[in-house]
Structure formats: structure tokens, C-alpha cells
Amino acid sequence: MLNSKLDTVLKHGGDYFDFIFRDFNKDGFKDIFLDHGGNTPDRYSLLVYLPSSKRFKEIKDFEHFPAPEHINGTNYYYSYHKSGCADMNWDSDLFYINNFTAIRIGNISGRECNNSGIKDAIYIQKNT
């Protein structure tokens with residue numbers, strides 16, 4: 001990424017389908033979402049802008065949480081992704097960000113379709 005003077009502001013390796021600028025952490029500065037593309041929509045790597053250093057820093061493991069949404073009034077987020085069978089199987093993870101790392105707290109999964117012996121139900125799992 002170059003600035004208006006054509007100086008390199010960010011050099012980041014990897015294969016990405018697209019990118020968007022959006023203020024993820026609501027600090028008034030736009031962050032960079034690098035779209036991984038593929039079967040799971042809204043799966044991104046996230047680079048947050050740090051105004052103190054005028055640099056971007058990657059949030060480690062953020063790509064494991066597709067379609068992330070902030071839970072108002074908290075420091076938590078949830079994600080959602082389909083997990084097969086025309087979206088009759090799905091997963092949603094609860095996570096937070098600490099020290100530039102996305103950390104999973106738990107998972108809610110819905111299973112409604114031919115699950116190889118797994119009973120159709122909604123399962124809740126807390127990470128240890």
C-alpha cells in the first residue's frame with residue numbers, strides 16, 4: 001500500500017481475493033480487511049491502524065472468525081459461518097481480541113442435516 005507521495009506504507013504478503021477499508025475497532029481510523037475469498041464468505045485477515053506509530057498491525061488468528069460482529073457494550077465479538085448441508089449446519093464463535101490476537105471463548109453450532117450419527121440439535125461448547 002502506498003501513500004499520496006508513493007511511499008510504501010504497508011507491505012503484506014499473501015494471496016487475497018480483495019480488500020476493504022473499514023473502522024473495525026471504532027477508533028475513528030480505517031483498518032484493512034484482507035478478504036481470503038473461497039467457500040466461506042466474509043473471512044478476513046485484519047490489519048488495525050495504530051495512530052501512535054502510524055502503522056498497521058495484524059490481528060493474529062482473526063481469519064478463523066468469519067463475518068465478525070461486535071456485541072454492543074462489551075469487548076466481545078461473534079462470528080458466523082455455514083458448515084455444510086445448504087447452511088443447515090452452521091457455527092458461531094464467541095471471541096475477544098487481546099494483545100493483537102483473536103481468542104475463542106466458545107462455540108455454538110447447529111446441526112440439522114445428516115450428521116453421521118450426531119443428533120440434530122444446537123450444541124454449545126466453552127473453550128478451556
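Only the coordinates and a few stated rules stand behind these numbers; no lab work does. Note that the structure is a prediction, hence the values are computed from the model and not measured. Using ideal geometry, Cβ is built from the backbone for each residue, glycine included, and neighbour counts are taken over all protein chains shown.
Kindly provide the GluC sites (Glu not before Pro) of region 24-115 that DSSP labels as loop, not H, G, I, E or B, and whose Cβ sees at most 14 other Cβ atoms within 10 Å. Answer in residue order: Glu112.
Placing unit charges on the Cβ atoms only, positive for Lys and Arg and negative for Asp and Glu, gives the chain a dipole magnitude near 420 debye about its Cα centre.
If you take every DSSP beta bridge whose two residues both sit in region 18-126, what share of them, in percent to the nearest 5, is antiparallel? Bridges in region 18-126 are about 95 percent antiparallel. Listed by chain and number, the lysines whose C-alpha is less than 29 Å from the C-alpha of Lys60, apart from same-chain residues fewer than 8 away, are Lys11, Lys26, Lys30, Lys82, Lys126. Net charge in the neighbourhood of Glu112 (other residues with Cβ under 10 Å of its Cβ; Lys, Arg +1, Asp, Glu -1) is -1.
Considering only the other residues whose Cβ falls under 14 Å of the Cβ of Tyr80, what net charge follows from Lys and Arg at +1 and Asp and Glu at -1? Charge balance near Tyr80 sits at -2. Ignoring chymotrypsin sites (Phe, Trp or Tyr not before Pro) that are buried or in helix or strand per DSSP, and keeping those with at most 15 other beta carbon atoms within 10 Å, what is the longest stretch of the chain between them? With chymotrypsin sites (Phe, Trp or Tyr not before Pro) excluded where exposed in loops, the chain gives 30-99 as its longest stretch.
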